[in-house]
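Below you'll find the structure, written out as structure tokens, and then a few comments.
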Amino acid sequence: MADLTAVQTTPTNPSVRFIRQQHINLYSIMVIGFISLSSAAYGYAAAVIATTLTQPSFTKSMKLDEVPNAEALIGAMNALFYAGGVFGSFLAGWTSNTYGRKFSAGLGNFLVLISGALLTASVNPGMFIAFRFVSGVGAFVILASVPLWVAELAPPKIRGILTDVHAVGQMVGYTIACYVGLGFYFVTGENQWRGPIGLQMALPAIILCGLSWMPESPRFLLAKGRTDQAWTIIHRMHSSPDDPTDEFAKREFYQMRKQIELDVTFQTSYLGIFKQPSLRKRAIMTIFLEFCLMSSGVLVILNYGSIIWKSLGFKTVQILNFQGGFQLTGFVFNVVAMFFVDRIKRPTLMATGFISCAALMSIDATLQKYYIGTTDRGGLIACAFIIFLFQATFSMFLDGPLFFYIAEIWPSHVRSQGFALAMATLSTTNLMWLQAAPHAFTAISWKFYLFFICIPTLGAVVVFFTFKDTLHKPLEEIAAMFGDEDTVVVYQRELRLASIPLDMLDDAVPEKAEAREEAEEVENSPTG
């Protein structure tokens, strides 16, 4: 293959063509849209418990109105989902790296499907809690695989937008779960609560039926030596009628291939991550970011909305409507976020979200201090409004970076492990807060929110002043920002500033290279 350094930046050869700008075609949009149905499956499985705990038939069926340890059982129903999430995160780290992102997403959907069936059939709290654990394993296999898969398919300039489709998908799942719960509230019968639980099987079933037609991550294929398949996917995802010679796709493929040829020599374990300074720095950033994000209180509000809204004096139907409205707000503002997430520096985006969420939580804590237990409707409605505003803020500034920033900072050979660390931290943090929440709301009421004020404030300061800005950077180049310049084989700026002869880029493409080699063999043969 031709050496990139030999390319002149001011060529005179008229056959040399300039690299075109990156783009995305309809096929790419359809692929990422379908993949993100898995995100909705995760969202539904995670959120269905919020309305289930509000259903009178569930309370009666599980005898939560009779047993003295009802708070502990409710806490376990939430917490065991996230305990399963810790296992699911590390399982995804292994399966994504060994069998591929597509296999990993399929496994997660299969586990959500099976656990959904058994949750629907649960006859006591023990059975329900056990299969909430299995559901958590499957849901977090999805959560640790899908954003990684999407980020590796997306071009750099719009990677944030496309990865944010995952966050939008989650909110679709959350919203559907809430409104299904509201609808089933009006269904009579002791098994009324089983309907929303059973419907969580629908999306995984659809996804598993269509998964075989989805493309694997080209970076995974290159790491496994499946070069032909990787090029086919890159070409199809990044081709355009405006780029008849596929120069952008070839440039992307060239950089990926050269980088991964080096990266596969760096395979390492979780222990190895903490031994190497640049990877250890990424691990610390990942754990800190996920801990602060989940310590904003967003999951506590999501999962214990029934307790929060009830404490504000609202009735059951109002509570279910508030739950649905809360998630619908998240969906709307996640869509809004797609219009600006790739225009703002990553640290600025996240720090703005942290400080805004902390400010809103402090206002809500103050309002709840004075209005919980009163009949002042104005004050109680103000509390509710701030909660909705908090959801809008979190969705716009933090829900997307929760996933795409992690995908960006980790190099290819440990990206699945980095995502596993991120999702395991997310699960562990939520496990801690959700297990404590039922008791905390009873014992200290609004003071519980003080944690959700102080930790995000710290997060805002640390992120703004110390985190790297990965905006628009190709994934293969971000290593240089962590002191690993020697591990970056080729930079996009070199490919852009140099006018690349087509034969150089063609050499990176399997069928082109093979055709060239065959032609050279014929030319050099005695009979040629």
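Tabulated data for the structure shown
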read-out	value
Contour excess over end-to-end distance, with Cα ends at Ile444 and Glu261 and 0.36 nm allotted per residue	60.3 nm
Sequence ranges 200-211, 418-429, 107-118, ranked by mean other-Cβ count within 10 angstrom, highest first	418-429, 107-118, 200-211
Inter-probe distance in nm under a simple model that places probes 7 Å from Cα toward Cβ, at Cys454 and Val335	4.0 nm
Residue order, fewest to most surrounding Cβ atoms within 10 angstrom, among Asp65, Asp469, Asp364, Asp376	Asp65, Asp376, Asp469, Asp364
Sorted by Cβ density within 10 Å, fewest first, the residues Trp446, Trp410	Trp446, Trp410
Within straight-line cross-link reach of Lys224, lysines at Cα separation under 18 Å, skipping those fewer than 8 residues along the same chain	Lys102, Lys258
Order of Tyr179, Tyr44 - criterion: other Cβ atoms within 10 Å of each residue's Cβ, fewest first	Tyr179, Tyr44
Set Lys275/Lys473; Lys60/Lys310; Lys447/Lys473; Lys281/Lys345; Lys250/Lys345 screened for pairs whose C-alpha atoms are more than 30 Å apart	Lys447/Lys473
Nitroxide proxy distance, nm - points 7 Å out along Cα→Cβ at Arg343 and Asn69	5.4 nm
Distance (nanometres) between label positions extended 7 Å along Cα→Cβ at Phe465 and Phe385	3.5 nm
Trp193 long-range amide H proximity, modeled H, under 5 Å	Phe58
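Coordinate-derived values only; no laboratory data. Predicted model only: the values in this text are computed from it and were never measured. Quick reminder, even Gly has a Cβ in these numbers, built from the backbone with ideal geometry, and neighbours come from all protein chains shown.
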